[in-house]
Structure formats: C-alpha cells, structure tokens
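Colleague: Let me begin by handing over the structure; questions about it come next.
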There are 2 protein chains.
Amino acid sequence: MRFVRLIIVILSVSLQTALGQLLVPSEKPDRTQQLQIERGYGMFMHFGVNTFTGDEWSDGTTPALKYNPSSLDCDQWVRVARDAGFRYVLLTTKHHDGFCLWDSKFTEYDVASSPVKTDVVGAVSKACKKYGVQFAIYYSLWDRHEPSYKDPDPQKYIDYMAHQLTELLTNYGPVCELWFDGGWDRKSENWGLERIYSLVKKLQPDCAVGINLTIVHKEGSGDAVLPDLMTENNKYFFQYFPSDFRLWDPKIAHKADKKQYLHLGKSYYLPFEHTICLSKEWTWFQKPNPRQPRDLDELEELFYWATDNDNILVINVPPDNTGRITETDANAVIALGQRLNIKKGKPLPRNGRFISLGTMSTAGSVYANDITGYGPQCAVDGGMQTRWASADTLTELVVNLKESDRFNKISIFEYQDEHKSKDPNDIFSNQRLNRIQTYAIDIWKDNSWQTIFTDNRPMGDCKVIRFPMYYRTAKIKLRILKATAPPSIYEFNVIDCEASK
Amino acid sequence: MRFVRLIIVILSVSLQTALGQLLVPSEKPDRTQQLQIERGYGMFMHFGVNTFTGDEWSDGTTPALKYNPSSLDCDQWVRVARDAGFRYVLLTTKHHDGFCLWDSKFTEYDVASSPVKTDVVGAVSKACKKYGVQFAIYYSLWDRHEPSYKDPDPQKYIDYMAHQLTELLTNYGPVCELWFDGGWDRKSENWGLERIYSLVKKLQPDCAVGINLTIVHKEGSGDAVLPDLMTENNKYFFQYFPSDFRLWDPKIAHKADKKQYLHLGKSYYLPFEHTICLSKEWTWFQKPNPRQPRDLDELEELFYWATDNDNILVINVPPDNTGRITETDANAVIALGQRLNIKKGKPLPRNGRFISLGTMSTAGSVYANDITGYGPQCAVDGGMQTRWASADTLTELVVNLKESDRFNKISIFEYQDEHKSKDPNDIFSNQRLNRIQTYAIDIWKDNSWQTIFTDNRPMGDCKVIRFPMYYRTAKIKLRILKATAPPSIYEFNVIDCEASK
C-alpha cells in the first residue's frame, strides 16, 4: 500500500512537472484567464452543414455538397460583431458532424469538398484582424464522421485532433480561446486532454481552453454540476483537466458563483463562460425560417448577469444559409451594444446592486406545498435554475428589503412553458409561452401597500422595470392580476442601479 | 335692405373696434399664441366630485359631501408635473356638474361645502409658483347644477360665469390658459363669448382662450371639423369667436395641420391644443381601480406628433380619491419626461423627418374593397382618424420610398377594437384589444425582400422600432404573420431621426 501510494505521489509530481507552467493551483486568475475575463463578451457562430439542412446535430452523413451558401460574406459576420461591441468571435470550426470549415489536410469532409470552397476559418480570422476583434475556435471532440474516431485505440483519433488543431492554431494567427464540445461521448481519460492542452499552449500560449461540462460532483465521475450549485469554493472537481475555464452550455451561473475547483487535491481558479442563443427559442444553427431574437431588455439583463463576477458571455448569432447574419439578428445585437454602451478597451458595463438577493420572502402559495423545491426563497436566491412556483393563478410574492437600501430597477425572469417544435428535424427548438398576463408592483409605505407599477401586457422571459426615481421600502410585492397558469418566477431582482457607478 | 346692411357694417366695425386689440386677423401667432406654443406641453388634471363616484360626467346632483379626499396633496400634483417636464398644469376648476374646486361666492356647490375645504385652485396655483410651472384653468360652460343656467334669459348664467371667472382670474395669480368645455349645450351666440373673452383679456392679457370644438364646416353651424381634415388654410370657420386656439378633445391633428381659420371673411391664426389621457382606456377622472398608463413608446410618439407643427399637447393625469396622483401615473409621466429630455427654457424636443408621408402605398387587401375609405394610402396620409383596413388576416402593406432618403425609426399606430367597460357608471372607459400578434418589416434590397425586423409580441397602440443604423430602400413592407382579426393601421411612419437635430 505504501509503495502504491509512493507511485501515485511520483506520478502526480511528474504530471505537475509536465503541466507545471500550464495550469497552476491558484486563487486568482492567471494571465490567460485575466485576458479572457477582460475580453468578457463574444459572438458565438454556429455555421456548417447543419445550416443547410435545418438540423441542430447531424450524424456525419450529410453530404459536403449540401454546404452551399449563396452569398457567403464572412466579413459581414465580423463587422456585425465589431458594431455590436463583441470582443471576440467564436466559430464552430467543426461540429459533432465532423464537417470542417477549413480545408483540412486530414479529412475530405470539409469546405474544400463543397460547392463553396472559401476557407471560412481563414476568412473569419482575417476579418477579425481587419476589425480589431479577437478570434476563438469551437471544436467538437466528438466526431461522427471521422473514421479514426471509431478505432479501438483512442490515440488514433487523438492524433487526428492534434493534427487538425495544429492546422487551426498555426495557420490563422492568434486564437484567444478554444472551446471543446461533446466530451460526453468518451471517458474523459480517452480524449488525451493533457496532450491536447499542452499542444494548444505550445502553439498559442495565451489561448484559454475550456471543455463543455467541465465540473463534476465526484472526481472521476461524469455527473456534471449545475452552475446554480457552484456557490462554494473547493467543493467540486474537474471532469476535464486541464481546463482554463468552466462550461455548461447553455446554463447560467449562480449570482454568487465561486471560482475554486479541485483536481488531485489542489485548488484551481476557473471562471465560467456562458453560452446563450440570441433567439428566444434556443436554436444554435440558423433555421430556414429565422427565429425571433430575444427582447433587448432580456439581453441586457442576461449580459449583466453573465459578465458579473468575472465571468464571460458568448451570444450565439448564427449566419443563415445565404452565408450572412440576418439583418434582424444584426440589428438586435448592435442595438444591445449601443444600449450597453460597450467601449473598446474599457471595462464592460455593470448592473447595479441586487438589494433583494437572499432576503426573506413569502408567497401566496407554493406548488404542491413543496417549499424546499419551489418556495418563494427560490425567486431571490440568485440561482437561474431554481424558481418559485405557485399553486394558484392569482397569487403574490412578497420580498422583504432593508429600508435603508434604495432601488430604481426591477428585473423579473419568468418561467416559461416550453413546447417542442413540430418540425422533426428541429429537436432543440421550442416555443416559449409565458403565464403572467397582468400584474402590479406594490411597496409597503405608511402602513399600507402602494402600487408603483402596473402592466397589462404579458410579462415574458425577462421584464425590466425602470423607475424614474429611487424608492425605499421594507417590503415589496409582485401581485399577479391575470395569468394563464399558476405563475412561476426564476428570479425577482430589486436593483440599485447607481450603486455600481 | 341697404339700411339693414349699413347697420350690420356699423355693428361689425364697432365689434372689430371693441375686440380690435384682442384678436387680430393674422398669418402668424400673436404674443399670447407664441407664449402658448413655446409652453407646448401641459398636465391636464380632472378632479372633482366625479373622482369619488367613478363617474366621467355627473348631472349636478352628486352631493358636495361626496367630495372627500383622504389625504389631499396638491403640492404633490405640481411636483410631479415639474419632475415630468410639464410646463403648465391645467385644472378642471368646474366640470359639467358645476362643482367648484374653490370657495366661490356665487354658489354653494363647491369645496367649501364638502368635508375637505381646501381651496384646490389656490393650492395648485400656489404650488405652481413654488415649482416654476404655469397655471391654467379648465372651466365648463355647460353647468348642470347652477340654477341660473336654466333661466330663459341666457344673460343670467353669463353673468354667473363672469363673476366666477373674475374670481378665478383675480385671486390666483397668472393664468396662462382658459379651456372652455361643453359649448354644445347652447347655441354659440348664447354664451356671451365676446364679453367673456374681453373679461379674460382685461384681467389676464396673456391668457390663451380656447373653446372645445372650435372649428366648423359652415359659418354659424355646429358641424365641427375633424382635426384630420384641417389640412387647408382658410377653408373652415370659427364656431366660437373669439378663440386663441383650436380644440377638439380628444382628437389628434393631422401631420399637415394648417393654422388659418375664417371669421366674417377674415383669416385668423389658430394653433391646436391636443388633449389626451395618460391611461390607455381614455378615462379622464381617476377610477377607484386605476387604469393602465400608455406605454412609454406610445407616449413619446404622441408627444412628438402633437407638439410638432407649432401645436400643443396636454396629457390628463388625474389624482385619485385620496387626493394624490398615483405613483404608477407619476412614474409614467416622469419617465417620459426623462426619455424626452425636456429642459426648462429650451425648445421642446422634436421627432425626425417622416420620409413615408404621402408616398404611394399598396396593400394585400382592403376592407370591403373600399379603397377611398380604407385604402393603403390612409396609413401614410398623416391623419390619425383615417386608417388602412385589410380584408384578410394575413396581409401586407407596402410603402414606396425615395431611395435617397434614409431612416432609422418606424412607428406604427395600430387600430384597436374597443370594448366598453361593464361598469355602467364608466361610460367613457373602454378596453382596447389589438389585432396584430406577429409581424415582420422587410425592405427591398438587391432585387429581393430582406427582413430587417421581426416581432412575436402583440403590436398594440403604438409600436416603435428603432434601428441601430440607417437604411435606404425603394420600398418597405409590413408583413403580418399572425393576427386575431384583419389588421388595420392608422399610420405607418418611416422616420429619419437625426434629420431634425
């Protein structure tokens, strides 16, 4: 036993030595992470064979000939990103289907075999230089086309990846981030991650590496930790080591997100990168009939939420089958950037202070009387996966505040009923239907409730209420006057907006 | 006959002499009108016995005891007006019911006979001085309480009015405007208007006088002219002479509103004062269950529309039965003032140039094939009473533009179905239900239609679409994708927003 333990120590030490300069136990960001946190805001772009078939995922059998943008304009993609204030563009160079957006020497399943042979990786990285936007790469570990992937020896496919990543990290200038996806299809030890990570760092020392579903409950397990639970340091473990940042697409981190995660007994600093869709319906690849962008208010609040606390946000803005970002999507993200007033070289804008966070709250009713699961505390806990759910349609939520705290903004993230698309190809898409139709906000003043806001339009994913002056109160009430089903609220945030300025 | 004619000429000349300095034929504003146009934006306040009964009009029998505000705070009214950027407050000193908001020596039907004896006219005019807001008076000609009103000799009641107006114009400092209502209940010659007008000008030379339904199609008739028709100079006539400005509550003037109106062969300059409700449901007196304020976008566009072209806007913000403006209403108008960025002593902000006004337009269908009544031209004619109405639910409107004109904003005023309130006391209130649920805006570019905006939320009274950049196109299309009934549009405005700045 002592001998075995010694071997483990020796192995561990040699591993530390091999990766020593690469990922160091720390309680603060290293240079790569610091650069990533300062970037903070990127444009995710899903583009590939799926853009032409209406699929979200395909199995690697879609013919390369299907890839056929009628007026491919990668310059427009990055111009939109620049105009919108995005600081980097994150491109799906290869999705699970294995189709490559560049002419890879190691496969024929790429743009060079398609009707439109433009090297999209090249065109985007070139436009990034032109517009002063950084360039980042999404690359699927899982590959449903490449024959070596199915070889009993996992090294065969790891070699393939190493070759392709060498192409990507050598031929296209600086790459600020590498986003690996699909790790669930193999055991984590069968991806050659140490080798891949070392290769990346050798070719691009400042490139931040992340692997989707980074963190697990138990070391060596595959049970990923919801970002909502990541409110304690040194409680959870790496599934994929080494990684420079955490991912769980498309989840939203907790407001009290913590950064310390364990690997072999050491604690590492790891920021979280959020990946959300511009569309309300969570589609990643653009569909023939483009989906409705989220409302500006929701995008603004999600931006603040996701970039607060030294975390990062990428918003997916997929080009359509003509090879351009739609004007509708472009308008939405550019309008968002203008509203946020993002300035090049300046820190990203911040939201105000949440004076309601973690306060006492009560509700008219709770679904199935399940206080732990759906109690009113879930609406002010800072977690976007937990929610207060009521039992009645006409109900109310009361949140206690400190009367010394002022506020001038409220944001409410309402739970939505999701209905799957009727299109069988469209497995990820859904329609979101809100419940709350008419509602009021009251504050407790002079020993009675005083209404300060009413709305008779549907609440929706995220309602932002801006007051033209500050209020102070010991308690605030959301009063539901009309709803199509018992209301449910992810978060009810009472915000002091000048506090952070 | 010749003798009769001579007498008429002599009478006419003496009338001209008597009123000579008061109202002069002109093609430009006189001093009073110029001051009124520069003020431009006022807060209308309906308050009185009806505030406590839920009525819009009452017949003069409501006991004065009903008037009983629990915490009357006229200072708050004017503070809200000041905070919202209103430049004057227009108070209903006496509505059709005859109840007076001051202690009039000439009636007992006033606040002095009520449980709360505060002289509201005094308190408001005092607060106006304190907050630097001008003071204006609404006074109903029609009086359903005052006994002298029913006297066969019309002079009796004219004397009563003269006495009351002398009180109002003598005891409360400067009054910038006098708003007369209810003229329809007598022939215009039976109101003693020359006497009243002269009295007002003697006591308050700068006070602008207006009488609701000012303008008629034929001299001496009662057939009032819709403001939508007022697009030609010297075509229509005074019903009430003299008047300093035009009124037809609550109509909206035409975008090409003209200012010259005739009386006895002479042409006079007359601006138009718009009177609209803050609430979506057109209630003037506050109801026990306060109504939803209009959306900020609609208020902003109505502000621009109504104050453009040297016209004037008052928005009705009625105090509730506690004697205060509700926080909800206060928030709405203060937020509007902040968004408009109204500055004391500066000209009022302006909208951009309407590049769609009077252009050619086509529609997918027209209601009952009535092109004259409901054709697509009605949506770009600058008139808020005319509208395009379609025959189909899924239809479109195409508006031709000059390709040299740029735009970055669209505002759409959608027709609403009105449903009367179920409350029998609430005869003026209605619910407004919109028809268009999902829609897109396309522009013609490179020989095809390109979508630049989509929305899957109900359009409503006024949808404003702001683009983060300018577009230029030869034609623009509103495409309806979902509607609950055949859509109808009052105005579809394509606007170049920097043009006016």
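Colleague: Amide H neighbours of residue A:44 under 5 Å, at least 5 residues apart or on other chains, H built in the peptide plane: list them.
Modeller: A:90, A:315, A:316, A:317
Colleague: Given the pairs B:201/B:259; B:94/B:150; B:28/B:266; A:28/A:202; B:255/B:482, which are separated by over 20 angstrom at their Cα positions?
Modeller: Violating the 20 Å Cα-Cα cut-off are B:201/B:259; A:28/A:202; B:255/B:482.
Colleague: Per-residue mean of other chain beta-carbon atoms within 10 angstrom of the beta-carbon, peptide B:323-331? Could the numbers behind the result be given before it?
Modeller: Working: counts 0, 1, 0, 4, 12, 8, 1, 3, 9.
Taking the mean over all residues of the peptide, I get 4.
Colleague: For the stretch B:114-209, what relative contact order do you get, as a whole percent, if you take Cα pairs closer than 8 Å and at least 6 residues apart?
Modeller: The value is 34 percent.
Colleague: Kindly write out, for the stretch B:433-438 in residue order, the coupling ³J(HN,Hα) from the Karplus curve 6.51 cos²θ - 1.76 cosθ + 1.60 (θ = phi - 60°), rounded to whole Hz, with x marking Gly and Pro.
Modeller: Coupling constants for the stretch B:433-438: 10, 8, 10, 7, 9, 9 Hz.
Colleague: Straight-line reach from residue A:344: which aspartates and glutamates have a Cα under 14 Å away, not including same-chain ones fewer than 8 places off?
Modeller: A:38, A:83
Colleague: How do B:144, A:466 rank when sorted from fewest to most other Cβ atoms within 10 Å of their own Cβ?
Modeller: Lowest count first: A:466, B:144.
Colleague: Let me ask another. Any chance you could run the full-extension gain for residue A:400 through residue A:338? It's 0.36 nm times the residue separation minus the Cα-Cα distance, nm to one decimal. Walk me through the numbers before you get to the answer.
Modeller: Details: separation 62, 0.36 × 62 = 22.32 nm, distance 3.45 nm.
Result for the pair: 18.9 nm of gain on full extension.
Colleague: Could you work out the relative contact order of chain A, using alpha carbon pairs under 8 angstrom and six or more residues apart, expressed as a whole percent?
Modeller: Once divided by the residue count of chain A, the mean separation gives 14 percent.
Colleague: Between residue A:26 and residue A:38, what is 0.36 nm times their sequence separation minus the Cα-Cα distance? Round to one decimal in nm. Before the final figure, lay out the partial values.
Modeller: Working: separation 12, 0.36 × 12 = 4.32 nm, distance 1.83 nm.
Length gained between residue A:26 and residue A:38: 2.5 nm.
Colleague: Let me ask something additional. Treat each spin label as a single point 7 Å out from the Cα along the C-beta direction, and report the residue A:264 to residue B:485 distance in nm.
Modeller: Placing both labels 7 Å beyond Cα along the Cβ direction yields 7.3 nm.
Colleague: Right, next: By what distance, in whole Å, do the Cα atoms of the protein assembly as shown stretch along each of the three principal axes, largest value first?
Modeller: For the protein assembly as shown, the Cα extents along the three principal axes come out at 129, 63, 44 Å.
Colleague: Using modelled amide H (1.01 Å from N, peptide plane; none on Pro or chain starts), what sits under 5 Å from the amide H of residue A:452, excluding residues fewer than 5 places away?
Modeller: Those lying under 5 Å, H to H, from residue A:452 are A:441, A:442, A:443.
Colleague: Mind checking B:333-339 for the average number of partner chain beta-carbons within 10 Å of each residue's beta-carbon?
Modeller: 2
Colleague: List the relative contact order of the stretch A:277-429 as a percent without decimals, with contacts defined as Cα pairs under 8 Å and 6+ residues apart. Write down the numbers at each step before the final one.
Modeller: Details: 167 pairs, mean separation 28.6, N = 153.
About 19 percent, as a whole number.
Colleague: Shifting gears a bit: If you average the C-alpha positions of the stretch B:444-487 and of the stretch A:239-299 separately, how far apart do those two centres end up, in angstrom?
Modeller: 32
Colleague: Enumerate the calculated ³J(HN,Hα) couplings along the stretch A:309-326 in order (Karplus 6.51 cos²θ - 1.76 cosθ + 1.60, θ = phi - 60°), each rounded to whole Hz, writing x wherever the residue is Gly or Pro.
Modeller: Rounded to whole hertz, the list is 6, 6, 9, 9, 10, 10, 10, 7, 10, x, x, 8, 6, 7, x, 10, 6, 5.
Colleague: Further question on the same structure: To the nearest whole number, what is the average tally of beta carbon atoms from other chains within 10 Å of the beta carbons of peptide A:450-456?
Modeller: The shielding value for this peptide is 6.
Colleague: Here's something else I'd like to know. When a footprinting reagent is the concern and you count Cβ atoms within 10 Å, what order do A:266, B:346, A:255 take, fewest first?
Modeller: Ranked by crowding around the Cβ, least crowded first: B:346, A:266, A:255.
Colleague: While we're on this one: Name the residues whose placed amide hydrogens come within less than 5 Å of the amide hydrogen of residue B:116, ignoring near sequence neighbours (fewer than 5 apart) on the same chain.
Modeller: For residue B:116, no residues qualify.
Colleague: Read phi for every residue in the stretch B:102-109 and hand back ³J(HN,Hα) as whole Hz from Karplus 6.51 cos²θ - 1.76 cosθ + 1.60, θ = phi - 60°, with x for Gly and Pro.
Modeller: Each residue of the stretch B:102-109 in turn: 10, 7, 7, 5, 9, 8, 9, 7 Hz.
Colleague: How many nm is it between the label spots at residue B:202 and residue B:75, if each spot is 7 Å from the Cα in line with the beta carbon?
Modeller: 3.7
Colleague: Under a cut-off of 18 Å between alpha-carbon atoms, report the lysines in cross-link reach of residue A:477, not counting same-chain residues fewer than 8 places apart.
Modeller: A:402, A:409, A:445, A:463
Colleague: Could I get the Rg over Rh figure for chain B? Both from C-alpha atoms, Rh via Kirkwood, rounded to two places.
Modeller: Checking Rg against Rh, the ratio lands at 0.99.
Colleague: In the stretch A:71-105, what trypsin sites (Lys or Arg not before Pro) fall in a loop by DSSP, with at most 12 other Cβ atoms inside 10 Å?
Modeller: Hits after loop and neighbour filter: A:105.
Colleague: Once you treat every alpha carbon in the stretch A:353-500 as an equal point and sum by Debye, what is log10 I(q)/I(0) at q = 0.12, 0.14 Å⁻¹?
Modeller: Reported log10 I(q)/I(0), two decimals: -0.49, -0.65.
Each value in this text was obtained by applying a stated rule to the coordinates, not by laboratory testing. Keep in mind that what you see is a predicted model, and the values were worked out from it rather than measured. Don't worry about glycine lacking a Cβ; one is built from the backbone with ideal geometry, like all the others, and counts go over all protein chains shown.
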